[in-house]
Amino acid sequence: MSARPVMAALALGLLPAALVSAQSLEARVAAASGDVRFTFTARPDVTGNGHNIIQWSCDNGRCRQQVNGNFSDVDDADWRSACDTGPVRVTLRRREGRITGLRVTVGSRVPTSTATDLGRVAAPEAARYLLTLALGLEGNVGREAVFAATLADSATVWPDLLRLARNRDVPQETRRTAVFWVSQAAESAATRGLGDLVGEDAEDREVRESAVFALSQRPREEGVPVLIRIAQSNRDPEIRKKAIFWLGQSNDPRALALFEQLLTRP
């Protein structure tokens, strides 16, 4: 069957279920008319309320979260009991065949929109598709595509995020978002196995955290090399995390090289 009849049959719902499931996610989205949504399995640490809150990386009573598109760290006590452990739901807004909007939610609550529902897809395939989309999507749409990909279970996305971050043809906002999420992955890699090596008391840590922030505000040639040294060698995992976070905001190629080094070491 040629590509054109397949697309037409998909649009009309005439193909057998087994053949439909064999189509790539990209082909299924392209064949559908109007808005489209699909679902995939979330990482084990990802939860959400099915509407406007998504949380991940909860540790020692704190979570990272996105609320209405804004990222923050919060005390998880008020939120965890109300959140579902997936799935991830992505809705694509399409106009004249172009994707003009993307919304991601996590939780059992099903959207009530009239979008064509493609059902559940494999999480790694969803991540690949979303990162491919992000190559050409600008502004919030590209940012949300990257974010949705990072939530996918059983998907190693940081190599593709590195390629996005280094690709000067990709919209700048999308590249910045890719750098942020690479830094998040590198942060975990940098502190692997160091949970019991705090080294200093809480008061000293607060002072040192302030110093790390101050370094992040210095000119890049002055601050970035010092932050890299801190991220590589400081014995306190929280200080290393702070340094990597600010390196992720620096838009410096040396920071990307460090993240790649951290993520590829045994």
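The values are calculated or read from the model by the stated rules, or taken from the named source; none is laboratory data. Please read these numbers as outputs of a predicted model, since none were measured by experiment. Here the Cβ is made from the backbone with ideal geometry for all residues, glycine too, and neighbour counts use every protein chain on show.
Quick notes on this structure:
- All of Val29, Val6 fail the test of being in a helix (DSSP H, G or I), among the β-branched types (Val, Ile, Thr) and at pLDDT 50 or above, apart from Val29.
- Filtered residue count, the stretch 84-98, keeping only those that are part of a strand (DSSP E or B) and either out of contact with any Leu (no Cβ under 9 Å at 6 or more places or on another chain) or surrounded by fewer than 21 Cβ atoms within 10 Å (Cβ to Cβ) (or both): 7
- Pairing each residue of the stretch 220-237 that is assigned to a loop (DSSP other than H, G, I, E, B) with any residue that is of a type outside the set (A, V, I, L, M, F, W, C) and surrounded by fewer than 20 Cβ atoms within 10 Å (Cβ to Cβ), provided the two are 6+ apart or on different chains, yields C-beta distances under 8 Å for Arg235/Gly199; Asp236/Gly199; Asp236/Glu200; Asp236/Arg205; Asp236/Arg208.
- Output for the stretch 93-126, where each listed residue is within 20 Å of Trp181 (Cβ to Cβ) and touching a residue at least 60 places away in the same chain (Cβ under 8 Å): Val106, Ala123, Glu125, Ala126
- Among (1) surrounded by fewer than 19 Cβ atoms within 10 Å (Cβ to Cβ); (2) among the polar types (S, T, N, Q); (3) in contact with a strand residue (DSSP E or B) (Cβ under 9 Å, 6 or more places away or on another chain) - the single one Thr150 does not satisfy: (1)
- A Cβ distance below 9 Å, combined with a sequence gap of six or more or placement on separate chains, defines the contacts here; from the stretch 250-266, residues that are acidic (Asp, Glu) reach residues that are surrounded by fewer than 18 Cβ atoms within 10 Å (Cβ to Cβ) in the pairs Asp252/Arg220; Glu260/Pro159.
- Considering (1) over 22 Å from Arg64 (Cα atoms); (2) part of a strand (DSSP E or B); (3) within 13 Å of the chain's Cα centre (by Cα), the lone condition that Val104 does not fulfil carries the number (1).
- If you go through the stretch 22-61 and keep only what is within 18 Å of Ala127 (Cα to Cα), among the β-branched types (Val, Ile, Thr) and in contact with a strand residue (DSSP E or B) (Cβ under 6 Å, 6 or more places away or on another chain), you end up with Val29, Val36, Thr39, Val46, Thr47, Ile54.
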